[in-house]
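Take a look at the structure set out below.
Read the figures in this text as sums done on the coordinates, not as results from a lab. Keep in mind that what you see is a predicted model, and the values were worked out from it rather than measured. Cβ: placed from backbone, ideal geometry, glycine included. Neighbour counts: every protein chain shown.
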Amino acid sequence: MKRSRGRSAFLFSCIAPAVILFFIFMILPTLNVFRMSLFEKGAYTPTETFVGLKNFRTLLADANFIRSMQNTILLIVVVTIITFAFALVFAAILTREKIKGQNFFRIVFYIPNILSVVVISGIFSAVYKPENGMLNSIIGLFRDMSDPILWKGEKLVMVSLIIAMVWQAIGYYMVMYMASMSGVPQSLYESASLDGAGRIAQFFQITIPLVWTNIRTTLTFFIISTINMAFLFVKAMTSGGPNHASEVTLSYMYSQKDAGLYGYSMAIGVIIFLFSFALSALVNKVTEREPLEF
Amino acid sequence: MKMKKIMSAALAACMVVGSCGTAVFAEDAYADYAGTTISVAAIETAYGSEMWTQVCEEFTALTGIEVDLITDKNLEDVIGPSMQGGEYPDVIHLATGREAALTEQFIKGNLIADITDVLSMTVPGEEAAVSDKIAGGFTETSLTNPYGDGKTYLAPMFYSPCGLFYNKGLLEEKGWEIPATWDEMWELGDKALEEGIYLFTYPTTGYFDAFFYALMYSAGGAEFFDKATHYEEGIWETEEAKTCFDIVAKLASYTNPITPAQANDQDFTQNQQLVLDNKAIFMPNGTWIVGEMAEAPRADGFEWGMTALPAVADGGDRYSYTWFEQAWIPAGAENVDAAKLFLAFLYSDTACEIFVGSGAVQPVLGIADKLEGDNVMFYSIYDDGAKAAMGNFAAFEAIPGVEIRPVFFDPVNSLVSGDMTEDDWTAGIISASDQMRENLK
């Protein structure tokens, strides 16, 4: 009895620092976001007025917020699908096939992930430059470019953001998939090929079902990281422009804070929090399968 | 008990000795501030931060007040968090119109100390009062008196005439005249386009504020400007307002079409480069452009030129907006009196000379004699017949989703790319202006 009490005290003292820090720096600020969303307050004003759900009602009628939400959803859907497809295929090729320079490709794909978003934005700004930018120069070999394509113009700015975000994310997810794919026993593929299954059939029948748990985890990562990365890319590449065509929820939240609407921007924070939580839960539920063992 | 008495006597003696000690350094006039340290936070712009260090050193040498100086290009990020925690610098030099809008937030929240009495203070080390040194008009605008109550809250700092910048060499080479009216401007636009040169470009839509203010003055004079910047009912449906909107919309059709794709905080220098490369003739800008693009490549024979906005009609007034920065004292500052002394010192001959050495021009009388290089030409714009436009949109309580720049100026990007019509733009302004009027401070 005495021993178990001592053991409990020891365990408690081991986890207490982490729990206390987690509470102070994670739980408390999060709760504060929810609390602040019910108040009207400037970032620097000492006074705050309780306004109930007014901030949320205003949000639903705010056309700028709705547009930024649309852009965020577009990015989540498109970036996830494209990155997912490319990362999975590249991972399968690099683990299953014997190609020359395998390690070289692994490094090349992973490099964008090490670079800071500001550097990537700088690179892509040079690529997208209307005059003598790389992309327009290449296209200029095939067609007349006296009227250059405006990659960061109002019509194409979201496409340009998507390309940069996919380029940045592929390597990270590819490495994650490669790690779990290399755990799939070689014998399964051998017996499948004896049964006459081709490479594509093997990919869909063996590889994907066996790395499914990993895929589910990465889908949640996709949602959260796209929301976060979109803010960085927008800030560093377009400043939300032209005329707010590339504004995303987090950048809009930031601009409302600067406009002196701290409570309102916290309400946007709450919406993003609930949205990403709900979407992750939904994706998790939809992709639920009986785990396969090998 | 006895011990306590001895101790307090000893402490009191120490204090007397201590205060005598510091009083030796400061002049009698500043004896009250002995041992005071003020913190000064100044934005680092194209002028650099060295001038601030020197000015603070001179101030300390004169008054004995120590200065903790903070300068940074992103000053808001440096001082913002501690101010949210209730710790304020004593003096902040940070202009309105920046993206983080920190100064605007302090204005909206009534968080700035009244500095009207600084104007009647004697400049430290000199005989003259501050108000005798500051040039006329600078302390009567909504940029310094944001609440229109006759009290001054923000001190005017480094001014710069804004106008249309161009390549003088190009115009001379082609034999084109500087347009005096907007009609002449359009003629020049057509002529230039035949040679593959666009009439106009702009760095970002943020540069349209100074442009639009000057345009409002030239379309309807000071009265229209005052009504418009206070969002008077029906003001945007008047002839004068229509003239302004039509000019901007027409100018959009003469703008180099790649401009909007580069009109962001990262690529705006590419738009400025269009003027250096003779791909656009005019751009709205300020005198700092010369330093900002000093290293950039340029067309042969390039020479900076600057002109006021063309007149709306033949013989009409031409305006150039006077852009200036502001220094202010947060209401929560600890050493308000010493901070006021510092503000007054910023207009002393010593400070003005240090500032002008870095290209920053204080709005004081007689400063024109101290200018050099391109600045002589830029700052003489008002001597050449252009009138000075000053002021800005009146402050209003923060409204979700409604801000000056997104409503008035950001849509210019869409006007240029053809994604928005002039009617949509003005409709947005009218509806936002109604809300701004209801929330006027």
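Between B:ILE43, B:ILE134, B:ILE289, which gets the highest mean-square fluctuation from a Gaussian network model of chain B, Cα cutoff 10 Å? The residue that fluctuates most here is B:ILE289.
The simple Förster model, with R0 at 30 Å and r as the Cβ-Cβ distance, assigns A:ALA278 and A:PHE204 a FRET efficiency of 0.50.
Per residue of B:254-263, other chain Cβ atoms within 10 Å of the residue Cβ number 6 on average. Averaging the Cα positions of each part gives two centres, and for region A:37-83 and region B:218-233 these lie 34 Å apart.
What GluC sites (Glu not before Pro) does region A:181-290 have in DSSP loop regions with at most 15 other beta carbons within 10 Å? Counting only loop positions with at most 15 other Cβ atoms within 10 Å, the GluC sites (Glu not before Pro) in region A:181-290 are A:GLU288. Cut-off 10 angstrom, C-alpha nodes, Gaussian network model of chain A. Which of A:ALA91, A:ALA259, A:ALA18 fluctuates the most? So, out of A:ALA91, A:ALA259, A:ALA18, the one fluctuating most is A:ALA18. Simple spin-label estimate for B:VAL78 and B:LEU365 gives 3.5 nm between the two label positions (7 Å along the Cα-to-Cβ direction from each Cα).
Take each residue of peptide A:38-45, count the partner chain Cβ atoms within 10 Å of its Cβ, and average: the result is 5.
Note on A:228-241: average number of Cβ atoms from other chains within 10 Å of each residue's Cβ is 3.
Fully extending the segment from A:ILE224 to A:PHE142 would add 25.6 nm, taking 0.36 nm per residue of separation and subtracting the current Cα-Cα distance.
Take the Cβ atoms of B:ASP314 and A:GLU293, set R0 to 51 Å, and the FRET efficiency comes out at 0.05.
The 3J(HN,Hα) values that the Karplus relation (6.51, -1.76, 1.60; θ = phi - 60°) gives for region B:149-159 are, in residue order, 9, x, 9, 9, 10, 10, 8, x, 10, 2, 9 Hz. Gly and Pro appear as x. A Gaussian network model of chain A, with springs between Cα atoms under 10 Å, assigns the largest mean-square fluctuation among A:SER182, A:SER160, A:SER191 to A:SER191.
When only the Cβ of Lys, Arg, Asp and Glu is charged (+1, +1, -1, -1), the dipole of region A:40-286 relative to its Cα centre reaches about 280 debye.
For B:ASN285, the residues 5 or more places off, or on other chains, whose built amide H falls under 5 Å of its own are B:GLY163, B:PHE165.
For a paramagnetic label modelled on B:GLU237 (point 7 Å from Cα along Cα→Cβ), amide N atoms under 18 Å away belong, within region B:417-436, to B:423-436.
Looking at the protein assembly as shown, the DSSP beta bridges with both ends there are about 60 percent antiparallel.
In this structure, A:VAL286 and B:ALA294 have a Cβ-Cβ separation that, at R0 = 56 Å, corresponds to a calculated FRET efficiency of about 0.45. Computed 3J(HN,Hα) for region B:331-348, one whole-Hz value per residue from the Karplus formula 6.51 cos²θ - 1.76 cosθ + 1.60 where θ = phi - 60°, is 4, x, 5, 7, 10, 4, 5, 5, 5, 5, 4, 5, 4, 4, 5, 4, 9, 6, glycine and proline marked x.
Counted over chain B, the DSSP beta bridges are approximately 55% antiparallel.
The length gained by stretching the chain between A:ILE81 and A:GLN186 to full extension, at 0.36 nm per residue less their Cα-Cα distance, is 35.0 nm. Stretched out straight at 0.36 nm per residue, the stretch from B:TYR147 to B:LYS174 would grow longer than its current Cα-Cα span by 4.8 nm. In this structure the amide hydrogen of B:ALA280, modeled in the peptide plane, comes within under 5 Å of the amide hydrogens of B:TYR198, B:VAL275, none closer than 5 places in sequence on its chain. Amide H contacts of B:ASP72 (H built 1.01 Å from N, in plane; Pro and chain starts excluded): B:ALA42, B:GLU44 sit under 5 Å, all sequence-distant by 5 or more or on other chains. Cross-link partners for A:LYS235 among the lysines, with Cα-Cα distance under 22 Å and sequence neighbours closer than 8 places in the same chain left out: A:LYS129, A:LYS152, A:LYS155, A:LYS257, B:LYS73. What does the charge count near B:SER49 come to, summing +1 for each Lys or Arg and -1 for each Asp or Glu among other residues with Cβ under 11 Å from its Cβ? For residues surrounding B:SER49, the net value is -2. Across region B:82-97, rounded Karplus estimates of 3J(HN,Hα) from the backbone phi angles (6.51 cos²θ - 1.76 cosθ + 1.60, θ = phi - 60°) give 5, 6, 5, x, x, 10, 10, x, 7, 10, 10, 10, 7, 7, 6, x Hz, Gly and Pro being marked x.
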